[in-house]
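A short write-up of the structure that comes next.
Just so it is clear, none of the values below were taken in a lab; they were calculated from the coordinates. As the structure is a prediction and not an experimental result, all values here were calculated from the model. Don't worry about glycine lacking a Cβ; one is built from the backbone with ideal geometry, like all the others, and counts go over all protein chains shown.
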Amino acid sequence: MSILAVFGICLVIVVVFLIIVGVMTGSQFFVLFIFFPVLISEAITGQRGSFHPNGATRKKPFFEGVLLLSVVFQVLLLSGILFGIYGLFAGFPVDPVPAVTEDTAIRNLLTPAEISGLLVINSVLWLFAVGFAGMLLINTVRYRKEINLMPKGNVLTGYVLPFFLFLIAFYFLFASRNYLALYPKGESQLSRVLLFMTIFYGMCLLFFKIKDIYLYFTLFRKRQIPLWKGYWLTMSLSILYTLLFQYFLIRILLSL
């Protein structure tokens, strides 16, 4: 197993652990988890009062962006610590040396049935990604007048960033499909940069989905805010897409 695959597994373990602990402990764990990222964001942006007892002041998009990057860095740091602990006990994985002969280069990590199943999942993820990207595009065109009146920072985080993340998803789904079609000789389709960006995309999916669930329980339900008719359908499909994408990504990493 490659170093990147092991680190990806550590990353998933950390994220799942944080989700489980967060669900069990509630908002107190959320505040504790973002404590240091908030301090870092305040130091960089100069905006204070995030933990003010009378309520935090409204933050600018730049602060939210720095906070998101700080949270991602914190998760990566925790994953690195777990990776280090694994290396101390099991030994650090070493990327395989290129094979000398054709026979030794052939690997049988995935069976034809598994490859076929992953190709089906790839197709399903394509449908999800195209559907959600289409919804975002339709809403952008439909509410373009309102969007033009929004602060540029909100437009960047609410529309430009999601489109960029979808481009990463499309690129990875295309490359991974070619990788599976050429398996086991298709590693050239998946560069380390692409895999790193895809892991980042997977983390963003989890982060935003956890944020949506948190907002529902802490804001929408408590204040009985009316939700549009398709809210539950969209939420369910997006959760399914998020979980399915994580599973597919892990399987691809383990197959390298």
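Annotation for region 109-200: trypsin sites (Lys or Arg not before Pro) lying in DSSP loop with at most 16 further Cβ atoms inside 10 Å of their Cβ are LYS185. Counting lysine pairs in region 112-255 that sit 8 or more residues apart in sequence, or on different chains, and whose Cα atoms lie under 30 Å apart gives 10.
Label-to-label distance, PHE35 versus ILE115, with points set 7 angstrom from Cα along the beta-carbon direction: 5.1 nm. Counting only other residues whose beta carbon sits under 10 Å from that of ILE239, what net charge do I get with K and R as +1, D and E as -1? Summing Lys/Arg as +1 and Asp/Glu as -1 gives 0.
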